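Just so you know, all these numbers are worked out from the coordinates, no wet-lab data involved. Since the model is a prediction, treat every value here as computed from it, not as a measurement. No Cβ is skipped: glycine too gets one built from the backbone with ideal geometry, and neighbour counts run over all protein chains shown.
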Amino acid sequence: MTETQVRKAITDERTDLAELLAGLDAESWDAPTLCKGWRVREVVAHMTMPYRLSGPRFAFEMVRAAGSFHRMSDRTARHDAAELSAEDLLKWLWDNVAHPWKPPGGGFEGALSHDVIHGLDITVALGLDRKVPEDRLRLVLDSINAKSVKFFGVDLKGIQLRADDLEWNYGSGEVVSGAAQDLLLVLCGRTLPAGRLHGDRAKQFTRPS
């Protein structure tokens, strides 16, 4: 994809997610997601954090977190989710569907991955039947490498992830199969609801039923 095409994919993905979020009730905004300890509102607060944080505030928050981005982003998501209403958070997303933010070193492909993965954190946890369009999903899957898998701390030794809805696989060994977007979540260290993955070692990445 060209840069223009990737940026359009980002805009489309954020728009799709904003439309989905607009249809959630108050109870759903407070429901847990696949991001441990985060409800839907914390995930949306995290996704929209780059649009709210100025450079000086980002630096200040990083100092407060002793240089840990994970600690800083968790604290900021929890704070903003408590301070902002669901309507406010949704407006931040709507107003920035075409925002040119890129994660450090990740490029626009990294921005798309960020939106797709966190969108799935919400939809899969809520049991919503939303399929990420294949062109966007393939772009994210193609960006996965050993470094990113290591970052998420996923143990895939002796395992091959194999999609059963499109031609894609990752790793080698005993097969764990499922929808490509579910396998993407596995690569990102998520634990999925029961019944979404198949294979003798699927339970390694699945919550008890």
Legend entry - Total charge dipole magnitude, the chain, about the Cα centre, Cβ charges on Lys, Arg, Asp, Glu only, Debye to nearest 20: 820
Inset, instruction - Using the 2.2 N^0.38 Å rule of thumb for compact globular proteins, work out how segment 144-208 stacks up: its C-alpha Rg over that value, please. - result: 0.98
Inset, instruction - Please find the FRET efficiency linking ASP129 to PHE58, where r is the Cβ-Cβ separation and R0 is fixed at 41 Å, and quote it to the nearest 0.05. - result: 0.70
Inset, instruction - Per DSSP H run of n ≥ 4, the term is -39500 (n - 2.57); total these for the chain, divide by its residue number, and report the mean residue ellipticity at 222 nm rounded to 500 deg cm²/dmol. - result: -16500 deg cm²/dmol
Inset, instruction - Specify which residue in the list SER113, VAL186, GLY153 is farthest towards the positive end of the charge dipole of segment 108-209, using unit charges on the beta carbon of Lys, Arg (+1) and Asp, Glu (-1), about the Cα centre. - result: GLY153
Legend entry - Which label in (i) 57, 44, 34; (ii) 73, 52, 29; (iii) 47, 39, 35 gives the computed Cα extents along the principal axes in Å: (iii)
Inset, instruction - Could you check what % of the DSSP bridge pairs in the chain are antiparallel, to the nearest 5? - result: 50
Inset, instruction - Any chance you could give the angle, 0 to 90 degrees and rounded to 10, that helix 107-126 forms with the longest Cα principal axis of the chain? - result: 80
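Under the definition of Cα pairs under 8 Å and six or more residues apart, what whole-number percent is the relative contact order of the chain?
With pairs under 8 Å counted, the relative contact order is 19 percent.
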Inset, instruction - Identify the trypsin sites (Lys or Arg not before Pro) of segment 119-190 meeting these criteria: DSSP loop state and at most 14 other C-beta atoms within 10 Å of the C-beta. - result: ARG130, LYS131, LYS157
Inset, instruction - At a Cα cut-off below 21 Å, give the lysines reachable from LYS131, other chains included and same-chain residues fewer than 8 away excluded. - result: LYS8
Inset, instruction - Enumerate the amide H contacts of ASP165 below 5 Å, restricted to partners 5 or more residues apart or on another chain; note that Pro and chain-start residues carry no placed amide H. - result: ALA180
